[in-house]
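Working notes, beginning with the structure itself.
The values are calculated or read from the model by the stated rules, or taken from the named source; none is laboratory data. Note that this is a predicted model, so its numbers are computed, not measured. Here Cβ is always computed from backbone atoms with ideal geometry, including for glycine, and neighbour counts include all displayed protein chains.
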Amino acid sequence: MSLDRLWAGWRSKYVSTVAGKQHDCFLCAIAALPDDARLVSESTLVLERTASTLTVMNLFPYGSGHLLVAPLEHIGDLTKLTDEVAVELMRAQRRAVRAIQQVYGCEGINLGANLGQAAGAGVPNHLHFHALPRWVGDTNFMTTVAETRVVPEALEAGWQKLHASWR
Ligand SMILES: [Zn+2]
């Protein structure tokens, strides 16, 4: 299964859940949800929304605790972010890393972005950073992708644990 297909799954899920509004980009679909108590919830898998960033569980994770951190704005070019948004994006990634460390007690974390389709970005026009826990001896997530990995934890259970430790 290609990353494009994984992301297509993301899109259809969110297009169908954002009533009355069609979004080609799943991150924009989430960003368009009302910014109230319903947004950060188990049903949306949103962990955090700030004035300029969004952090969500990856619906098609490489493993438990796989988060995506993105600017609210639909922008694909890292170099075109304002300094303010770039700083907020890094702060959001630090909060994601802290929560992943606390919840999963992992030995390492993959944190990074695929910039452009050639680099493997499934949604090249909306910048997003991946953050996921790693352990010595686990399989390389970039080579196995989702075909053979078993995610031992339901997304909702992961959301509950991460949300409880978020600060
Ligand atoms: Zn977007």
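Just a yes or no: is a residue in the stretch 91-103 surrounded by 15 or more Cβ atoms within 10 Å (Cβ to Cβ) and farther than 16 Å from Trp166 by Cα?
no
Just a yes or no: is a residue in the stretch 55-64 in contact with a helix residue (DSSP H, G or I) (Cβ under 9 Å, 6 or more places away or on another chain) and more than 22 Å from Gly158 (Cα to Cα)?
No.
Check Glu84, Glu88, Glu107 and return the single one that is more than 16 Å from the ligand (Cβ to nearest atom), farther than 26 Å from Val40 by Cα and at pLDDT 90 or above.
That would be Glu107, the only listed residue that is more than 16 Å from the ligand (Cβ to nearest atom), farther than 26 Å from Val40 by Cα and at pLDDT 90 or above.
Select, from Leu127, Leu54, the only residue that is more than 22 Å from Lys161 (Cβ to Cβ) and not in a helix (DSSP H, G or I).
Leu127
Is it the case that some residue within the stretch 50-69 is touching a residue at least 24 places away in the same chain (Cβ under 8 Å), out of contact with any Gly (no Cβ under 7 Å at 6 or more places or on another chain) and of a type in the set (Phe, Trp, Tyr)?
yes
Being surrounded by 21 or more Cβ atoms within 10 Å (Cβ to Cβ), more than 16 Å from the ligand (Cβ to nearest atom) and modelled with pLDDT under 90 is the requirement here; does Gly20 meet it?
no
Hey, does the stretch 135-147 have a residue that's assigned to a strand (DSSP E or B), in contact with a Cys (Cβ under 8 Å, 6 or more places away or on another chain) and at pLDDT 85 or above?
no
Each row is one residue, and each column tells you yes or no for (1) touching a residue at least 24 places away in the same chain (Cβ under 8 Å); (2) surrounded by 14 or more Cβ atoms within 10 Å (Cβ to Cβ); (3) β-branched (Val, Ile, Thr).
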site	(1), (2), (3)
Asp83	no, no, no
Glu88	yes, yes, no
Gln117	no, yes, no
Gly120	yes, yes, no
His126	yes, yes, no
Leu132	yes, yes, no
Trp135	yes, no, no
